[in-house]
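Here is the structure we will look at, set down as structure tokens.
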Amino acid sequence: MILEKDVVVVGAGPAGLAAAIEAAKAGAAVLLVDLNLKAGGQLFKQIHKFFGSRAHYSGTRGYDIGKKLVKEATESQVEIWLQSTAVGVFPGNKVSIERILQNGGKKLYTVHGKTIILATGASENVVRFKGWTRPGVMGAGAAQTMVNVDHVKPGQKIVMLGSGNVGLIVSYQLMQAGCDVVALVEAAPKIGGYAVHAAKIRRAGVPIFTKHTIVEALGDAEGKVSGAVIAEVDEKFQPIPGTEQTIPCDTITLAAGLKPVVELTRLMNCASAFEPVLGGFIPMHNQDMETSVQGIFVAGDATGVEEASVALEEGRIAGVAAAQALGLLSQEDAESQKQFYWNRVNSLRSGPFGEKRLAAKQDVLQCYQEQIHTPQPEVMIGGLASGAD
């Protein structure tokens, strides 16, 4: 038996929730699928208050934003399947979904979506060094999940590798949970994250080792982490012999960046492009967030790693575009809504921290136009009119 839905959204993070809400508001029958125990994705791990404008939930904590979006999705009649994994995709927009039932059993469903929105997010990068597979070495996102969602300390004495926003924010949250962050290690000459986050770490007295990296995770008699050996690096980021020092710890967390999760877009043969600023290979898409495969849309970190506020706006654009493709919105209404959300995306990509991401996204749109040759309505991207020639 094949279930029929107007829109199937894979991934219930901020992008997926926003997409599902917009499509459902237009009258679409929407199924939202996620492998986690609750919808909301990274939002429920973010206990800090968001920056920016009121439109982007300024001053609201991430988990409260998640609650609002889940409530709105439920009120919009979005059908939500949790503990459900999209395990395969097939020609004709068919998605194979393995769902865990209330009795603990599993059932495999095939769902046909007239349109599909992939909001599969991103996964953590790893850094390999001697002993990197020891118990006690984990991604910063895993540590954040443990303290903010599961309320369990990953360890007592923690060394954080990476000083981007993730490394800085998670370090502070670990300290709030009662952990002792004994060092923050960064291979670059300076801290990579926002100064406002770095200032909290400095005020807390955490030693920050720039131009250093971890070369080994030491282990105790049981093989668990007992220390981190760090060393200074040269201009090619290679460890300098003789500069090693050992920092006693029981946990090493890695904040080495994220990469888009693109397995499903690859299975669907969606054309891709490489954009290092956005995390690596990403599916090419147009201004509607539609891929090279008609009826398949993408949104959020799966289209390039940015921030949650951008993911929300991209999700809204994809949801409106999917509803338009289904004939549920007039072209005039759809274009007006998409332009409104694009304007908000542009504001998020303005300033020195957004310039590179804006340029990378413009490259993706241009690449789509040149290689896919699909005429697009004129939409303002970064203040410049972008449309088909």
Per residue solvent-accessible surface (Å²) - the chain, probe of 1.4 Å: 46 Å²
Per-q log10 I(q)/I(0), the chain, q = 0.11, 0.13 Å⁻¹ (Debye; single scatterer per alpha-carbon; no solvent): -0.81, -1.08
Percent antiparallel among DSSP beta bridges (both partners in the chain, rounded to 5): 50 percent
10 Å binning of all Cα-Cα separations within segment 256-358, expressed as whole percents from 0 upward: 16, 46, 32, 6, 0
For segment 179-221 versus segment 144-174, the gap between their alpha-carbon centres in whole angstrom: 12 Å
Entries of 67/157; 25/94; 71/338; 5/153 with Cα pairs more than 30 Å apart: 67/157; 5/153
Nearest-ten-degree value, helix 14-25 long axis tilted from longest Cα axis of the chain: 20 degrees
Cα coordinate range in segment 147-212, projected on the principal axes (Å, largest first): 34, 20, 18
Helix-derived mean residue ellipticity, 222 nm - over the chain, DSSP H n ≥ 4, -39500 (n - 2.57), to 500: -9500 deg cm²/dmol
Residue among 70, 215, 87 with the largest mean-square fluctuation in a Gaussian network model of the chain, springs linking Cα atoms under 10 Å: 87
Cα-based convex hull volume of segment 86-192 per residue, rounded to whole Å³: 183 Å³
Share of carbon and sulfur in the accessible heavy-atom surface of the chain [1.4 Å probe, %]: 52 percent
Dimensionless Rg ratio for segment 247-315, taking C-alpha atoms and the 2.2 N^0.38 Å reference: 1.35
Computed label-point distance, nm, for sites residue 102 and residue 293 using a 7 Å Cα→Cβ extension: 3.4 nm
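The values are calculated or read from the model by the stated rules, or taken from the named source; none is laboratory data. Not measured: the values here are computed from a predicted model. Backbone-built Cβ (ideal geometry, glycine too); neighbour counts: all protein chains shown. The protein model used for the area step is the full one, side chains on, heavy atoms only, and it has no ligands, DNA or RNA in it. Shrake-Rupley method; radii C 1.70, N 1.55, O 1.52, S 1.80 Å.
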